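Have a look at the structure below before the remarks.
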Amino acid sequence: TPVAATAEKFFGTPGVVFVTLAALAAFISVSNAGMLSASRYPLAMARDHLMPRIFYRLSRRGTPIVSILSTLAIVILIMLFLDPAGIAKLASAFQLMMFALVSLAVIVMRESRIESYDPGYRSFLYPWMQIVGIVAPGVLIVHMGMMSILFSLGLLLTGMLWYFFYAKGKIGRTGAIYHVFERLGRSRYDGLDHELRGIMKEKGLRDEDPFDQIVARSMVIDLKQHVEFEDVVDQVSGWLSHIVPHTPSEISQQFMEGTRIGATPVTHGVALPHLRVDGLEEAEMILVRAREGIHICFNNPLTGHDEEEQVSATFFLVSPEKNPGQHLRILAQIAGRVDDDNFIPSWEAAGTTEELKESLLRDERSLSLLIESGGLASPMIGQPLKDIHLPEGCLVTWLRRNDDVLVPRGSTVVEEGDRLTVIGDPSAIRLFRSEYVAGPQSRRERRAQNKGKT
């Protein structure tokens, strides 16, 4: 090769050996990455019940071993029975077909106008860019020859047969195309909204989403007795009527309607009633804890049946009508936090409203700091907040002193025994933690862990 010839010219035989070894390492690395990437297809399809569950089986280290081994076997068979030119043609045809299907999927998703569809980027020149993306791969596949044409048609036919004879009876969804049909006066498929919300939970929040600020200023209701969900809704609606241009009865009716139609997620002992209303500038949230439980009747969208459950936490979220994407991302963030194994023990062990809020905040974006003499944060004692060095991107959201909660200002002087709650970017929080936090756990965290063990 030109690279080997150049190495031999300048460095002789050692240069050729070095370049050859480097090329082999690069080839092995690319092959390994490609195989691991390809193994995600059977893994994801098994998770969606489109392939046997054995492909979803994970090893002790979380590796989809069956999916990887089956992918490796297919790769070996292709390499044994096809020449390099044939492999390149089939791989190119597959990629072109995937590009065409992705372009078609973009059109379907855009035209469905599903609120849960929240892409981070929107293609320009829509839909002409996608139309070209559908037509051009077909033209290229035709020009690649009969082998590529037959391979593409064979894949499409195999996929259709697999769906109708294996997967159709195992899944309960249809797709975004039904939302397009809804615009034409036909049916729609509500299950897709829940699937897209699951994807949003995996993607997480965007940098501009003010989740921490919403939690920091949220209202907290701590109930000691067992209550019905309707009673909690009435209490929350009365408070929300002061910031939302609706009467308490109207707000209560909308929350209750959400539970009846399956729009209120209920999982892991937590309920997430939510609304979007006009006339609201920014999202607001109310956190409700019931030590003896809240009895709620709701419609389960996955089964379509009415169910009832006892929950210990209810988070009411109200967002502006004009920003549905952010509303759903915040819901997904709460759902993701609720899924953590340590959330319920931390929530139940919280002794104050600040600790309740801290249990909901993202660990990498917040921390609670007790000011004690002899600790790393002891230099803060006697200093106003404006004179304390905080990493850029950090914000002190509240300060608890004895039984009082102070709204922190620049002139607020820090005293021994104060507890500060700080939020910020993950990098800023890590820097703050390394500078001021001596121990890895707060007393609240230790208390939550001990309660979880008992």
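Listed values, structure above:
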{"quantity": "Every residue from region 156-179 that is modelled with pLDDT under 90 and either β-branched (Val, Ile, Thr) or in contact with a strand residue (DSSP E or B) (Cβ under 9 Å, 6 or more places away or on another chain) (or both)", "calculated": "Ile171, Thr174, Ile177"}
{"quantity": "Out of Arg276, Arg329, Arg260, sole residue that is under 30 Å from Arg113 (Cα atoms), of a type in the set (Lys, Arg) and buried (at least 20 other Cβ atoms within 10 Å of the Cβ)", "calculated": "Arg329"}
{"quantity": "Any hit, region 88-111, residues being assigned to a loop (DSSP other than H, G, I, E, B) and either surrounded by 12 or more Cβ atoms within 10 Å (Cβ to Cβ) or assigned by TED's automatic domain parsing to the domain that holds Asn323 (or both)", "calculated": "no"}
{"quantity": "Count - residues of region 351-387 that are in a helix (DSSP H, G or I) and either touching a Cys at 6+ places or on another chain (Cβ under 8 Å) or over 30 Å from Leu331 (Cα atoms) (or both)", "calculated": "6"}
{"quantity": "Close pairs (9 angstrom Cβ cut-off, 6 or more residues apart or separate chains): farther than 13 Å from Val75 by Cβ and without any contact (Cβ under 8 Å) to a residue 40 or more places away in the chain in region 18-33, among the acidic types (Asp, Glu) and assigned to a helix (DSSP H, G or I) anywhere", "calculated": "Val19/Glu8"}
{"quantity": "Meets criteria (at pLDDT 90 or above, among the β-branched types (Val, Ile, Thr) and out of contact with any Ser or Thr (no Cβ under 7 Å at 6 or more places or on another chain)) for Val244", "calculated": "no"}
{"quantity": "Flag for Ile76 being exposed (fewer than 14 other Cβ atoms within 10 Å of the Cβ), assigned to a helix (DSSP H, G or I) and of a type outside the set (Gly, Ala, Ser)", "calculated": "yes"}
{"quantity": "Filter pass, Val288 being out of contact with any Ser or Thr (no Cβ under 8 Å at 6 or more places or on another chain) and crowded, with 17+ Cβ neighbours inside 10 Å", "calculated": "no"}
{"quantity": "Arg57 vs. criteria of a type in the set (Lys, Arg), more than 29 Å from Gln130 (Cα to Cα) and surrounded by 11 or more Cβ atoms within 10 Å (Cβ to Cβ)", "calculated": "yes"}
{"quantity": "Residue in region 370-393 that is touching a residue at least 40 places away in the same chain (Cβ under 8 Å), within 28 Å of Pro119 (Cβ to Cβ) and not assigned by TED's automatic domain parsing to the domain that holds Val311 present", "calculated": "no"}
{"quantity": "Residue, modelled with the lowest pLDDT, within region 112-155, restricted to residues that are aromatic (Phe, Trp, Tyr) and surrounded by fewer than 12 Cβ atoms within 10 Å (Cβ to Cβ)", "calculated": "Tyr121"}
{"quantity": "Filter result (assigned to a helix (DSSP H, G or I) and without any contact (Cβ under 8 Å) to a residue 60 or more places away in the chain) within region 234-246", "calculated": "Asp234, Gln235, Ser237, Gly238, Trp239"}
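The values are calculated or read from the model by the stated rules, or taken from the named source; none is laboratory data. All values derive from a computational prediction rather than experimental measurement. A quick note on method: Cβ atoms are made from the backbone with ideal geometry, for glycine too, and the neighbour counts reach across all protein chains shown.
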